[in-house]
Amino acid sequence: MLSVRNLQYRYSQSSFELNVPCFDMQAGQHTAITGPSGCGKTTFMNLLAGIIPPSSPVELNFRDEPLHLGNAKQMRVFRNESLGFVFQDFRLLNYLSLSENILLPVTLSSNTGREQWRTRADELIKRLGLEDLRERPVSKLSRGEQQRVAVCRALLQRPALVLADEPTANLDATNAAGVWELLFEQAQEIDATIIAVTHATEGLERFARVLSFEQLASGDTEDFG
Amino acid sequence: MIRLAIAYMSSQWKLVTTLIIIIGLSLALPITSVKVVARYQSELKSRSLNPPLLVGARGDRFDLVLRSQFFVGELQQSLTYREFERLKRNDELVCAPLHLVHSAGQGKWPIIGTSSVYFNAQSLVVDQGQLFTEIGQCVVGADVAEYLQSISVLKSDMSSVFGFGEMLPYELQVSGVLERKGTPDDRAVFVSLETAWLLDGYGHAHRDGDNGTAVNRNSVLHGLEGAHIPQRSETDLSVIDKHLIHFHGDRSDYRISSVAVWPTTQEASALLRVDYQDDRTTQVVVPGDEFEKLMKQVVRVKDILDLVFAILLCISAVMVLVAIVQSFQLRKTDLETMRYLGCSLSKVRLLLLTEFSLVAGLAVVACLVFVMLLESVAPTLLSIV
C-alpha cells in the first residue's frame with residue numbers, strides 16, 4: 001500500500017539527520033512507531049504527509065502510484081482526500097463549532113456533495129455521543145472530547161491512510177483509551193490503515209506491527225512487538 | 001469561505017468592531033469636513049447673491065451682511081426711512097426696507113419688518129393663508145410654522161430698541177406660512193414695516209378715556225412733537241380697534257436697519273456704489289464680496305482640519321496594521337492547520353481576502369453612517385458665526 005525509499009531530512013539548526021532507507025506497509029497493517037521524544041517521529045510523519053519537503057529526492061508509492069513530495073498540488077490533494085492526520089495538539093479551530101471542525105477538510109476543499117459529508121459528520125458525532133454539543137465551539141469541550149473530534153475530522157472523508165502523531169500524548173489514561181478505541185473502530189469501518197507514532201506503551205497491543213524508531217532508521221522494519 | 005471568515009470575525013468581534021470603528025471614523029471625518037464645507041459654501045453663496053446689494057449705516061460691513069441676509073448677529077447702526085424713500089425714487093433700483101431689530105421665541109426667530117417687494121424679489125411664496133394685510137399680522141417661515149403647529153398667535157420678545165428703553169411684547173396674528181426654501185427665511189417672522197415700528201413704540205392705540213402721559217427720555221418717541229404714551233399699554237392687538245392705532249412724528253425719521261437693493265442694470269448698480277462712496281453715514285455693501293472673505297477664513301480652518309485628519313488617518317493606518325499583524329501571528333497555527341488538511345495557499349489567501357473585504361465593507365458602511373450622523377449634528381455655519 002505504501003512504500004518509501006531513501007527518505008532523508010536534514011534539520012537546518014542541528015547536525016541530526018533523519019534517514020529512513022526503507023519502509024513498506026500493507027493495507028490494513030496498522031503500524032505503531034515508538035521512540036523517545038525528539039528522535040524524529042513527528043518529522044517522519046510530516047514528511048510522509050508532504051507537510052515538509054525531504055532534503056533529497058525520495059521514492060514514495062501509495063497504492064502503487066508514485067507520489068512526488070515536491071509536487072505541492074499532488075500532495076495537497078493526497079492530504080485532503082486520501083490521508084487523515086491526527087495531531088498531538090489536536091489542531092482544532094477554536095472559533096468553529098464541533099460539527100464545523102469535523103467538516104473543515106470538506107469546507108477547505110473543492111469537493112462537491114457537501115450534503116453527503118454532512119450526513120457522514122452527523123454519523124461520527126452520533127458515534128461520539130456529542131449530538132447535543134454539535135454547535136458548541138470546540139474550545140468549550142474537554143481535552144478528551146477535543147481529540148475525539150480531531151479523530152473524526154481525520155476520518156471524515158474515509159481516507160485510506162491515517163497518520164496519528166502522538167494522539168494520546170496530552171490525554172489521561174481513560175481519554176487515551178477512548179481515543180484509541182474510536183480510531184481503531186472507525187478505521188476498521190472504513191478500511192483505513194493507521195500509522196501512529198507514540199512514546200507511550202499503552203494501546204500498542206491494538207497494532208499489527210510495532211516498530212522502534214531505531215529499526216525504522218536502520219531499514220529493519222520487521223515487527224519487534 | 002465566507003462562512004469561515006464570518007465565524008472567525010464573530011469570534012473576534014471586539015477587535016473587528018474596533019477596527020471597523022477606527023477605519024470608519026478615519027474616513028468619515030475628512031469626508032464630513034469636505035461635505036460640510038461644501039454645504040456651507042453652497043448655502044452662503046446662493047444667499048449672498050440675493051440681494052446683490054445692501055445699503056446700511058456705516059460700520060462693520062460683515063455685520064450688515066450677516067444681519068440683513070442671514071438674520072443673525074447684532075446690528076447696532078440704523079438708517080432712517082428717508083434713506084429708503086430716496087433709493088426708491090430711482091426707477092432702476094428695486095428696493096425693500098429691512099427692519100431687523102425684534103425677535104420672537106426668546107430670540108429664536110427674528111422678526112423682519114419689510115414690504116411685499118422683498119417677497120417678490122426673493123421668490124418667497126405664501127403656501128398657506130396670505131400675506132399680512134393689517135398692522136399686527138405676520139407671515140412665518142416654514143420652520144417657525146412647524147414649531148407653532150396650530151397656534152395662530154406669536155408673541156414678540158421684550159426688547160430694547162436702538163439702545164432705548166425696553167418695549168413690551170406684542171401678540172402678532174399669523175396670517176400666512178411661507179413655502180420652505182432652505183434659507184434663513186424659513187426661520188423668520190415677517191411683518192409690515194408699520195408693525196415693526198409699532199413694536200418699536202413709534203405707534204400705539206389708546207383705550208377709551210386713556211389720554212396718555214408725556215413720554216420719558218428713554219422712549220423712542222422722545223423729541224417727537226405731541227408724543228405721549230398710553231397709561232396702560234395694550235399688547236393684544238386683537239382687542240384693539242386697529243383704526244385707533246396711530247403713529248407720532250414724521251415717518252421719514254423712523255428707523256430701519258438696512259435696505260435690500262436689486263439693481264435692474266449693471267450701470268444702476270455701479271452708479272449706486274459710486275453715489276455712496278464718499279458718504280460718511282451710509283454705505284453700499286456687495287454681500288458676495290463679504291462672502292468670499294468669509295469663505296477664505298473657512299477654507300483656512302479646513303486646511304488645518306485636513307492636516308489633523310491626515311495625521312489621524314496615519315495613526316489609524318498604523319493601528320490597523322498592528323492589529324492585522326497581531327491577528328496573523330495569533331492565527332498562524334490555524335492557517336497552518338488548514339494547509340495541513342489540504343487547503344491550497346490560494347484558498348488561504350482567499351479566506352484572508354474575504355475577511356479584509358468584509359471588514360472593509362463594514363467600515364465603509366460605518367463610514368457612511370458616521371458621515372450622516374456627523375452631518376446631522378454639524379452646526380450650520382451661521383449658528384457658529
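The values are calculated or read from the model by the stated rules, or taken from the named source; none is laboratory data. Everything numeric in this text was worked out from a predicted model, so none of it was measured. Here the Cβ is made from the backbone with ideal geometry for all residues, glycine too, and neighbour counts use every protein chain on show. In case anyone asks, the SASA skips ligands and DNA or RNA and just uses the protein heavy atoms, side chains included. Shrake-Rupley method; radii C 1.70, N 1.55, O 1.52, S 1.80 Å.
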- Note on the structure: Other residues with Cβ under 14 Å from the Cβ of B:V177 give, with Lys and Arg +1 and Asp and Glu -1, a net charge of -3
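Can you bin segment B:93-132 into rounded, prolate or oblate? Criterion: square roots of the alpha carbon gyration tensor eigenvalues sorted a ≥ b ≥ c, rounded for a/c under 1.5, prolate for a/b above b/c, oblate for the rest.
Oblate, since a/c reaches 1.5 and b/c is not below a/b.
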- Query: Residue farthest toward the positive end of the dipole of segment A:143-225, with Cβ of Lys/Arg at +1 and Asp/Glu at -1: which of A:F207, A:T168, A:V151?
  - Reply: A:V151
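Within 10 Å of each candidate Cβ there may be at most 16 other Cβ atoms; applying that plus a DSSP loop requirement, which trypsin sites (Lys or Arg not before Pro) in segment B:47-104 survive? Kindly include the intermediate steps, with their values, before the conclusion.
Numbers: sites: B:R47, B:R58, B:R61, B:R67, B:R82, B:R86, B:K88, B:R89; in loops: B:R58, B:R89.
For trypsin sites (Lys or Arg not before Pro) across segment B:47-104 that sit outside H, G, I, E and B with at most 16 neighbouring Cβ atoms in 10 Å, the list reads B:R58, B:R89.
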- Message: If I take every Cα pair under 8 Å that is 6 or more residues apart in segment A:2-218, average their sequence separation and divide by the length, what percent do I get for the relative contact order?
- Response: 30 percent
- Task: Taking the Cα centre of chain A as origin, sum charge times position over the Cβ atoms of Lys and Arg (+1) and Asp and Glu (-1), and report the length of that vector in debye to the nearest 20.
- Result: 760 debye
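Rounded to the nearest 500 deg cm²/dmol, what is the calculated helix-only ellipticity per residue at 222 nm for the protein assembly as shown, with -39500 (n - 2.57) per DSSP H run of length n ≥ 4?
After summing the helix terms and dividing by the residues of the protein assembly as shown, the value is -14000 deg cm²/dmol.
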- With axes computed from alpha carbons, what is the tilt in degrees of helix B:345-377 against the longest principal axis of chain B, rounded to the nearest 10 within 0 to 90? 10 degrees
- Message: Below 8 Å, C-alpha to C-alpha, sequence gap of six or more: please give me the relative contact order for segment B:89-149 in percent.
- Response: 22 percent
- antiparallel share of DSSP beta bridges within the protein assembly as shown, to nearest 5, in %, is 65 percent
- Item | segment B:238-307: mean projected area of Cα convex hull, nm² | 10.6 nm²
- Loop sites in segment B:253-324: trypsin sites (Lys or Arg not before Pro), DSSP, at most 13 other Cβ within 10 Å: B:R280
- Karplus (6.51, -1.76, 1.60) ³J(HN,Hα), θ = phi - 60°, over segment B:19-31, in Hz, Gly and Pro reported as x: 4, 4, 5, 4, 5, x, 5, 4, 7, 5, 4, x, 5
- Item | Hits among lysines - C-alpha to C-alpha of A:K140 under 23 Å, sequence gap 8 or more where chains match | A:K126, B:K14, B:K332
- Kirkwood radius from Cα pairs of segment A:1-63 plugged into Stokes-Einstein at 37 °C, 0.692 mPa s, gives D in µm²/s equal to 263 µm²/s
- Task: Under 13 Å from the Cβ of B:A310, count the other residues' Cβ atoms, weight Lys and Arg +1, Asp and Glu -1, and hand me the total.
- Result: -1
- Query: Just in segment A:79-181: which trypsin sites (Lys or Arg not before Pro) are loop by DSSP and have at most 16 other Cβ atoms within 10 Å?
  - Reply: A:R134
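Roughly how big is the protein assembly as shown's charge dipole about its Cα centre, with Cβ charges of +1 (Lys, Arg) and -1 (Asp, Glu), in debye to the nearest 20?
Working: 57 positive and 69 negative charges, 222 e Å.
Using Cβ point charges on Lys, Arg, Asp and Glu, the protein assembly as shown gives about 1060 debye.
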- Of the accessible area of the protein assembly as shown, with the probe set at 1.4 angstrom, what percent is carbon plus sulfur? 53 percent
- Task: Quick one: compute the contact order of chain B, relative version, from alpha carbon pairs under 8 angstrom and 6+ residues apart, as a percent.
- Result: 28 percent
- Message: Would chain B count as rounded, prolate or oblate if I go by the C-alpha gyration tensor, calling it rounded below 1.5 in a/c and otherwise prolate when a/b exceeds b/c, oblate otherwise?
- Response: prolate
- Task: Taking only Cα atoms and a 10 Å spring cutoff, compute GNM fluctuations for chain B and point out the largest among B:E134, B:E146, B:E336.
- Result: B:E336
- Task: Work out which chymotrypsin sites (Phe, Trp or Tyr not before Pro) in chain A are exposed loop sites (DSSP not H, G, I, E or B, at most 16 other Cβ within 10 Å) and give the longest gap free of them.
- Result: A:17-223
- Item | Helix B:61-70 vs. chain B, principal-axis angle (Cα, 0 to 90°, nearest 10) | 80 degrees
- Note on the structure: In terms of the alpha carbon gyration tensor, root eigenvalues a ≥ b ≥ c, rounded if a/c is under 1.5 and otherwise prolate when a/b exceeds b/c or oblate, segment B:277-385 is prolate
- Using R₀ = 45 Å, calculate the FRET efficiency as 1/(1 + (r/R₀)^6) where r is the Cβ-Cβ separation of B:A38 and B:S116; round to 0.05. 0.85
